[in-house]
């Protein structure tokens, strides 16, 4: 399937070029580059909100970016059923917009984490359908505020609606305390919205797909969407 | 008129910065400090004659300053 795409850049985004390369190589077509002050998105199938430190993480990570002019059209894109992947700071922005439920707090051990981690699929959706249930993906993380939080009721809704896409695990797929590197609630590494067309995840699949990367597992997420 | 808004993480949410401050204070010998939580204070000027000051502050908190999933606030 052919997949058209766009990447939004905010002041302080630093993974927008990586996201663009990830999309262009794997979809084999050009990606639209969008500035946060633009007000209209091109008609695309997939939008990536990239990682970085939008607006210097002032106030809360993603809080300022969530009020950028382009966001109205991001909401319309989601409402139309268009796909969105928010990676790292993109995930934080999506929770601040309200497209994804919950919030991302300071890592429990107060350390900026920049390392490879393992994640596995939990509930199946279009972002992970090419990943088998017992497969562990090795994907890098690089964040300071990645500890997923939701209220008890919020968490129950995520579970009931099967919105929990990815969990942190160890190399064998066990969800141990030590594999939950940032202290996320129930090991949550990535969730979708109720309609399952919007995914937010802390690990960076766009840093794990080329030959020179230490892992190529990140391509499975985009390949799942490509069908 | 100066408005002061104190924002903090809700009680049930772990606040790791406070825990670390507590540890450091304890290391310095201040072992009577416990249950430390760090919040943030935002100050801003509002016109003296603003009629609906309370609802105005409530609005800016709800729309930007506070994430009600994890935070609560009080106007000092």
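A few points about this structure:
- Matching residues in the range A:215-227 - criterion: being modelled with pLDDT of 95 or more, part of a loop (DSSP other than H, G, I, E, B) and surrounded by fewer than 22 Cβ atoms within 10 Å (Cβ to Cβ): A:215, A:216, A:217
Residues checked against (1) within 16 Å of residue B:70 (Cα to Cα); (2) within 13 Å of another protein chain (Cβ to nearest Cβ):
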{"position": "A:55", "(1), (2)": "no, yes"}
{"position": "A:60", "(1), (2)": "yes, yes"}
{"position": "A:73", "(1), (2)": "no, no"}
{"position": "A:82", "(1), (2)": "no, no"}
{"position": "A:85", "(1), (2)": "no, no"}
{"position": "A:90", "(1), (2)": "no, no"}
{"position": "A:95", "(1), (2)": "yes, yes"}
{"position": "A:104", "(1), (2)": "yes, yes"}
{"position": "A:107", "(1), (2)": "yes, yes"}
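- Residue within the range B:23-36 that is within 26 Å of residue A:94 (Cβ to Cβ) and within 18 Å of the chain's Cα centre (by Cα) present: no
- Every condition in (1) more than 18 Å from residue A:149 (Cα to Cα); (2) within 14 Å of chain A (Cβ to nearest Cβ) is met by residue B:39 except one, and the failing one is (1).
Per-residue answers, yes or no, for (1) modelled with pLDDT under 95; (2) under 27 Å from residue B:19 (Cα atoms); (3) away from chain B (no Cβ under 14 Å):
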site	(1), (2), (3)
A:100	no, no, no
A:111	yes, yes, no
A:124	no, no, yes
A:138	no, no, yes
A:141	no, yes, yes
A:146	no, yes, no
A:150	no, yes, no
A:156	no, no, yes
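- Hits in the range B:9-35 (condition: within 20 Å of residue A:144 (Cα to Cα) and free of Cβ contacts under 8 Å to residues at least 60 places away in the same chain): B:13, B:14, B:15, B:16, B:17, B:18, B:19, B:20, B:21
- In the range B:41-53, the residues that are out of contact with any helix residue (DSSP H, G or I) (no Cβ under 9 Å at 6 or more places or on another chain) and either surrounded by 12 or more Cβ atoms within 10 Å (Cβ to Cβ) or under 14 Å from residue B:76 (Cβ atoms) (or both): B:41, B:43, B:53
- Filter result (assigned to a helix (DSSP H, G or I) and away from chain A (no Cβ under 14 Å)) within the range B:1-30: B:25, B:26, B:27
- Matching residues, the range A:62-71, being more than 12 Å from residue A:97 (Cβ to Cβ) and either within 14 Å of another protein chain (Cβ to nearest Cβ) or within 17 Å of the chain's Cα centre (by Cα) (or both): none
- Given (1) in contact with a strand residue (DSSP E or B) (Cβ under 7 Å, 6 or more places away or on another chain); (2) surrounded by 15 or more Cβ atoms within 10 Å (Cβ to Cβ); (3) within 14 Å of chain A (Cβ to nearest Cβ), number of the condition residue B:57 does not satisfy: (3)
The values are calculated or read from the model by the stated rules, or taken from the named source; none is laboratory data. Remember, predicted model here, so these are calculated numbers, not experimental data. Reconstructed Cβ throughout: ideal geometry from the backbone, glycine too, with neighbour counts over all protein chains shown.
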